[in-house]
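What follows is a single structure, written as C-alpha cells, with notes after it.
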Amino acid sequence: MKVMALFYYAPNIGHRYGYTLSKENIAKREIIMEKITSFRDEYRFLSNFYQYPFAFNGLQYPNAEAAFQAQKCINDEDIIKYIQIKNPVRAKQMGKKEPGLRKDWDMISSDIMLEIERAKYAIPKLGEMLLSTGDAYLKESNHWHDNRWGHCTCDKCKNKTAQNLLGNILMQVRAELKIAHDADKKLDGSLSKENSTQDQNTEL
C-alpha cells in the first residue's frame with residue numbers, strides 16, 4: 001500500500017560502515033514522500049519471505065529469511081540445514097530456537113541483514129524491482145509486535161517508536177543500486193559518444 005506521509009528519513013545503515021542506527025543519529029529532516037507500508041501483493045518482493053533463490057556466502061538459499069536465520073549458527077553443518085528450508089515461516093521458527101545461536105547475534109544482526117539484502121538485490125530482476133519503488137519510504141507494518149525490523153500497528157504498539165531496520169536497510173540498498181545504475185548510464189553515454197567520435201574520424 002502506498003500513502004503520502006511525513007517522516008524522519010534515516011538512509012544510512014550499519015555501524016560497520018561509519019554510521020549507527022541510534023535515534024540520536026537519525027537525520028531529523030522532515031519531508032513529504034510516498035510511503036510503502038505493506039510488503040504484500042505488488043510489493044511482496046520486499047519481504048524476506050519472498051521466494052526467489054539467491055547465493056549468499058557461497059550457499060544458495062530459497063529466500064532471504066532462510067539466509068538470515070542460517071547466520072545465527074556458528075557451525076557449517078548447522079548453517080547448511082537452512083538451504084533446504086523453502087518455507088520461510090519454518091526457517092524463522094527454527095531460527096528462534098537455534099541451539100547454536102552466536103553470542104554476538106544482537107550486535108551483528110543488522111549488518112548481516114544488510115549484506116543479505118545486497119546479495120538478494122544483486123540479482124538484476126530483483127534489483128530493478130527495488131528501484132521501481134523510486135524514493136518511497138519503505139516500512140513493513142505488522143501485527144506481531146515487531147518494532148525492531150518493522151512497525152507493529154496493534155493497539156499495544158501503536159504509540160511505540162519503531163526502528164524499522166528492514167525498511168531502512170532496503171532503502172540503503174536501493175540508494176546503492178541507484179548510484180551504480182546512474183554510473184553505468186553515464187559510462188554507457190561516454191562510450192557511445194567516444195565511439196561516435198571515432199566513427200566520424202574514420203569517415204574523414
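The values are calculated or read from the model by the stated rules, or taken from the named source; none is laboratory data. Values in this document were obtained by computation on a predicted structure and should not be read as measured data. FYI the Cβ positions are ideal-geometry reconstructions off the backbone, even for glycines, and counts take in every protein chain you see.
Looking at the stretch 70-125, the helices (runs of 4 or more DSSP H) lying wholly inside it that each contain 2 or more residues that are of a type in the set (Asp, Glu) sit at 76-80, 105-120.
In the set (1) closer than 24 Å to ASP106 by Cβ; (2) assigned to a loop (DSSP other than H, G, I, E, B), SER38 fails one condition alone, (1).
Against the test of being within 27 Å of GLU176 (Cα to Cα), surrounded by fewer than 13 Cβ atoms within 10 Å (Cβ to Cβ), hydrophobic (A, V, I, L, M, F, W, C) and out of contact with any Asp or Glu (no Cβ under 9 Å at 6 or more places or on another chain), the options MET129, MET113, MET107 yield a single qualifying residue, MET107. No other residue among LYS160, LYS178 is part of a loop (DSSP other than H, G, I, E, B), of a type in the set (Lys, Arg) and either more than 23 Å from PRO62 (Cα to Cα) or in contact with a strand residue (DSSP E or B) (Cβ under 9 Å, 6 or more places away or on another chain) (or both) apart from LYS160. Annotation: CYS152 fulfils all but one of (1) closer than 30 Å to ILE179 by Cα; (2) buried (at least 16 other Cβ atoms within 10 Å of the Cβ); (3) of a type outside the set (Gly, Ala, Ser); the unmet one is (1). Among residues that are more than 18 Å from ILE123 (Cβ to Cβ) and modelled with pLDDT of 95 or more, GLY100 is not included. In the set (1) in a loop (DSSP other than H, G, I, E, B); (2) touching a strand residue (DSSP E or B) at 6+ places or on another chain (Cβ under 6 Å), the condition left unmet by GLY134 is number (2). Every listed requirement among (1) surrounded by 18 or more Cβ atoms within 10 Å (Cβ to Cβ); (2) at pLDDT 95 or above; (3) of a type in the set (A, V, I, L, M) is met by ALA10 save one, (2). Checking each residue in the stretch 154-177 for being in contact (Cβ under 8 Å) with a residue 60 or more places away in the chain and not polar (S, T, N, Q) picks out LEU165, LEU166, ILE169, LEU170, MET171, ALA175. Summed over the stretch 35-61, the residues that are of a type in the set (D, E, K, R) and crowded, with 17+ Cβ neighbours inside 10 Å give a count of 1.
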